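Working notes for the structure below.
Taken together, the values in this text are just the output of simple stated rules run on the coordinates, not laboratory data. Keep in mind it's a predicted model, so treat the numbers as computed, not measured. Reconstructed Cβ throughout: ideal geometry from the backbone, glycine too, with neighbour counts over all protein chains shown.
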Amino acid sequence: MLVLFETAAGYAIFKVLDEQKLQQVDSLWKEFETPEKANKGKLGKSLKKVLKKVVAKEAHEQLAITDAKLGGVIKEKLNLSCVHSPAVAELMRGIRNQMEGLITGLPAREISAMSLGLAHSLSRYKLKFSPDKVDTMIVQAISLLDDLDKELNNYIMRCREWYGWHFPELGKIITDNLAYCKSVRKIGDRTNVASMDLSDILPEEIEAEVKLAAEISMGTEVSEEDIANIMHLCDQVIEISEYRSQLYDYLKNRMMAIAPNLTVMVGELVGARLISHAGSLLNLAKHPASTVQILGAEKALFRALKTRRDTPKYGLIYHASLVGQTTAKNKGKISRMLAAKSALAIRYDALGEDTNAEMGVENRAKLEARLRYLEEKGIRRISGSGKALARADKYQHKSDVKVYDPSGDSTLPTVSKKRKIEEVEEGEEEEKPVEAKAKKVKRESPTEGKHPYREAETETPKKKKKKEKKKAEEESKPEEEETAISPAEEVRGVER
């Protein structure tokens, strides 16, 4: 049996002289107690043939190896039968223990140096070709970009406040931060503004306004040393701004190279933040679409679960352009659909072999069409209501020509039409004689509205007495009350 042994210096092949000892695994270590015991025996002919790079087919003995996968490759390529067993592992351990005595011409110092060099080479190879380490640059770049934004805000606020004591009007005139710092760097003391040309930084209107404000400025006087420190701060702001724009271009190019479909769907900044939050592109590809949707809103999610309220609808994906351009009512729907399509794009970028962005462009077109449909559907739904019509009339351009009303020129008290009509009606009522219609007394029949048979059945003695009493009262009334006399007949009787 031959033994294939791997060292830092290369491969070594040993000949097993007594194969029966391999069956005693527990006592095999005793054969490697000393280099003399491990080095017993001679070099066989078959081993010499292998060492002389003779065709492997002539070596008919078995080859003991430590890696089963390597044995399969050797058997396929060289047609050698390979052996891998616990006895072989123990044999390798013994050879490694006595490697210095078995391999001549290699001092221990050189072997340790070779081992160290091999370890460094393997680590460098794994870092170079590891798929997980490619997106490390994106994670670092987006983190640095956020840090630069924070530092720039602090520096610019400090610069505006510091120089504001000397020239406070300049901060209100120039709103752009980079243009402000460049102007301060070029102006220095505000007395130099009159003879300074700022056309390469500011437009003509703003430049004239700055020169006019410098003549009537209410700022205090400062020393040259203060101006020098302020100008040095402006230099830092300008340099950081330039580096920030350069870093953004670098991040954009790296995102298009590593995750082109994700970049098309959500943009380079949102995509880089998603990768940074997940740790790597491969880890992000393992997340479902629901997790991608709320990634970055973990605190709000667990707070909602704890208080039994509504869970958040979006996290980092909220800053995508598709979600930002929708109405508040449809933001949840669009974020859910965008997360589903983005999850597919992430998996395609992480695990696919193609590097084109065709799938991302196609899915984004579908989302934009869906967004237009939702917006039009919402408009159609509220188009028939009164509020929607009033809203439409409010913003509708009306080209009616208004005519001057001369009634407002008179200062005399005017009588309303309603009052005049009431006065006319009162006059007509006075002229007409008062006529009143005689009221007819309506007598109800005893059986009206009641069933006669049922009334007869349910009539009690008390009810019978009341009925007779009421009938007697009606008969005792005078006849004048039965027939009403009109006012006209009364007047005729008085004249007679």
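Just a few scattered comments:
- Distance from the C-alpha centroid of region 138-208 to that of region 326-372: 39 Å, rounded to the whole angstrom.
- Model label zone, Glu298; criterion: amide N under 20 Å from point 7 Å along Cα-to-beta-carbon; scope region 257-282: 270-282
- R0 of 56 Å, Cβ-Cβ distance Asp67-Lys150: FRET efficiency to nearest 0.05: 0.65
- Spin-label model, Ile111 to Asn192: label points 7 Å out along the Cα-to-beta-carbon direction sit 7.3 nm apart.
- Treating r as the C-beta distance of Thr307 and Thr327 and R0 as 25 Å, the FRET efficiency rounds to 0.35.
- Extension gain, Arg370 back to Asp226 (0.36 nm per residue minus Cα-Cα distance, nm): 46.0 nm
- Intensity falloff of region 135-248 expressed as log10 I(q)/I(0), Debye formula with alpha-carbon point scatterers, at q = 0.11, 0.13, 0.22 Å⁻¹: -0.39, -0.52, -1.20
- In this structure, the amide hydrogen of Ile174, modeled 1.01 Å from its nitrogen in the peptide plane, lies closer than 5 angstrom to no residue at least 5 positions away or on a different chain.
- In nm, spacing of pseudo-spin labels at Lys466 and Glu215 (7 Å Cα→C-beta vector): 10.7 nm
- Scanning residues 5 or more positions from Val83 or on other chains, those with amide H under 5 Å from its amide H are Leu63, Ala64, Ile65, with H placed 1.01 Å from N in the peptide plane.
- For region 258-376, alpha-carbon Rg over 2.2 N^0.38 Å: 1.04
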